[in-house]
Amino acid sequence: MNRTHFTVTGAALATLLALAGCASNPGSGSMSGMDHGSSGTSISPSANSSDAGHNAADTMFAQMMIPHHSQAVEMSDVMLAKADIPASITNLAVKIKDAQAPEIEKMTGWLNSWNVPVMGSSGHGGHGMDGMLSEADLQKLRDAQGVEAARLFLTQMIAHHEGAVTMAKTEIAQGKNPEAVQLGKDIVTAQEAEIREMRDLLTGL
């Protein structure tokens, strides 16, 4: 499936702000300068996030994944507000929301403890991310009903998850902070499983 780069929508940012609360001093935390080589650093999953240090890859991962997750929560909320949606789809939407909303809070806490802003210094609103929907795509999901909405949700969310997996794999390869790297691994495991589940559901519709 082709993945398209889109900007973060205003609605997704509103969700982000509601979930994340106030960011720290926005004068730091540039997204640039990310090394594309593997760090090879030994990591301990039990280390505390605020004590273990972090690098530019960790900062970028959290700053980009927060709005990415926020849009997935928004998409799930759109589906949960609809009538006549198959239970398998609404159950999936609940599962996605229940998993990703706490991760948003966790990543926001990291950024605050690292004294960097939740949004990058140049803002991620204009930064393309794999799988992000345009406002037009979100409106199509809002307007769709019944089985059509279920198919559209699954198709859009598969691409969205694929984008998150790509971002998480970058964090695994390049990140330094043990908790951030572990979250990357958790996202890959959970979302690859959900991609398989959604493909099966799509076939059955």
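In percent, how large is the relative contact order of the stretch 106-205, given Cα pairs closer than 8 Å and 6 or more residues apart?
Relative contact order for the stretch 106-205 comes out at 26 percent.
Among all lysine pairs in the stretch 51-205 that are eight or more places apart or on different chains, how many have alpha carbons less than 21 angstrom apart?
13
Hey, rough spin-label estimate for T90 and L205, points 7 angstrom out along Cα→Cβ, what's it come to in nanometres?
Modelled inter-label distance: 1.6 nm.
Read-outs throughout are calculated quantities, based only on the coordinates presented, and are distinct from any laboratory measurement. If you're wondering where the values come from, they're calculated on a predicted model, not measured in any experiment. Neighbour counts are summed over all protein chains in view; Cβ atoms, including those assigned to glycine, are modelled from backbone coordinates with ideal geometry.
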